[in-house]
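Accompanying notes for the structure given below.
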Amino acid sequence: MKILYTFFLLGISQVFFAQSQSVPKLFLKDILTFPLGASVNPRLLDENITYRERTGSEFSSVTAENHMKMMNIHPGADRFDFVLGDEIVAFAGNRKQRVHGHTLVWHNQVPQWMKDFQGDQVAWENMLKNHIQTVVSHYKGKVAGWDVVNEAFLDDGSLRPTIWSDHIPDYIAKSFLWAREVDPTVLLFYNDYGQDGKPKKMQAILDLVADFKKRNIPINGLGLQMHINIISKNEAILDVITKSAATGLSIHFSELDVAVNPKNNPEFMYDDVAKDEQLNKFLMLFNSFKSLPKAQQYGITFWNVGDKDSWLRGYFKRPKEYPLLFDDGYARKPAYQVLLQTLK
Ligand code: XIL
């Protein structure tokens, strides 16, 4: 009996210990004046309870990391697969989180049947229009905004040659019009990366916005992916933010990660120096976002939740990379606490 009682007490104290660990008092998302997001992976939401808990409690917005992309959502010419996208929407709905849609038109993660598609310009237009309108209609009222077109420009500012640019003249504008046709209120974004230090790419995006305004093509926001690293130049990044905000459109830091080991050094140590440099980048980004006009603050979205799940580890095969705000065990990093103190 005594032994049982001791076990009981031990059990209770562990519950309290676990609770005091997992129910922190202040959440970054609650002190910010704008949504704090993460991209998410439905498999992890299903399988990993800590991931699920963190994603649900630490963020006020979610983006599908992969499952609303063409390849996953439209795997056959006559087949759409909304199962995992819907799972993310349901997860977010249960927690009153906003959902950001990513992405309708891109040159990557395109299903084979689209790559093999044969037809004249009209056939291509109908194919892309059907894709966009079916997906936008499906999520109408459920997502707040869509990355309509992703990464359409090269670093030199020219239009990236893709199956879309090859077959559909003016495909960017048409994509925005097709999306708007079926959803009059969802916010429409153009999303891209690496504008910092690439003035021609930046200019191409600004020219696109100016051209859209002139032609009355709907666009509501710019997604700045913010896949940056600790040696990215602050000045160049701030310049991109200022120029993007000067369009008057909503601004989304849409895929934030701050790589600490961009050269993939196998000996890399995530030491205090690297952590400080990373923290300074987070601070610079959050502070500059905070100083944007309120109406333009769509939010800051991290590209996944814990370091372990970052695409920099998986996709780029950089095992010693620690780019996010939560560590491999989903614990808040010290940087989290500093952001909390500084931004409140
Ligand atoms: C990445 C995902 O994180 C990976 O899991 C996937 O293998 C490839 O795509 N820009 C984007 C995102 O707009 O969709 C990309 O996401 C990262 C770069």
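In Å, the Kirkwood hydrodynamic radius of region 180-260 over pairs of distinct alpha carbons?
13.3 Å
With a point put 7 Å past each Cα toward its Cβ, work out how far Val182 is from Ala77 in nm, to one decimal.
Here the modelled spin labels are 1.9 nm apart.
Could you tell me the distance between the Cα centroids of region 21-74 and region 112-186, to the nearest Å?
26 Å
What list do you get for Tyr315, Tyr330, Tyr270 if you sort them by fewest beta carbons within 10 Å?
Fewest to most other Cβ atoms nearby, the residues stand as Tyr315, Tyr270, Tyr330.
What nm distance separates the two modelled labels at Val273 and Leu206, each placed 7 Å from Cα along Cα→Cβ?
The two pseudo-label positions are separated by 3.6 nm.
Could you please tell me the mean projected area of the C-alpha convex hull for the chain, averaged over all directions and given in square nanometres to one decimal?
20.1 nm²
When the Kirkwood radius is taken over all Cα pairs of region 96-214, what Stokes-Einstein diffusion coefficient follows at 20 °C and 1.002 mPa s, in µm²/s?
143 µm²/s
Helix 2-22: angle to the longest alpha-carbon principal axis of the chain, degrees 0 to 90, nearest 10?
40 degrees
Of Met226, Met71, Met127, how do they rank once you tally other Cβ atoms within 10 Å and put the fewest first?
Fewest-to-most ranking of Met226, Met71, Met127: Met71, Met127, Met226.
Over 13 Å, how big is the tail of the calculated P(r) for region 100-148, in percent of all Cα pairs?
Beyond 13 Å sits 62 percent of the P(r) for region 100-148.
Mind giving me the FRET efficiency for Ser57 and Asp170? R0 is 45 Å, r the Cβ-Cβ distance, nearest 0.05 is fine.
The pair Ser57/Asp170 has a calculated efficiency of 0.55.
Going by how many other Cβ atoms sit within 10 Å of their own, how do Val40, Val89 line up, fewest first?
If I rank by nearby Cβ atoms, fewest first, I get Val89, Val40.
Let me know the charge dipole size of the chain about its Cα centre in debye, to the nearest 20, where only the beta-carbon of Lys, Arg (+1) and Asp, Glu (-1) is charged.
Magnitude of the dipole: close to 880 debye.
No value in this document is a laboratory result; all are computed from the given coordinates. Source: prediction; values computed, not measured. Don't worry about glycine lacking a Cβ; one is built from the backbone with ideal geometry, like all the others, and counts go over all protein chains shown.
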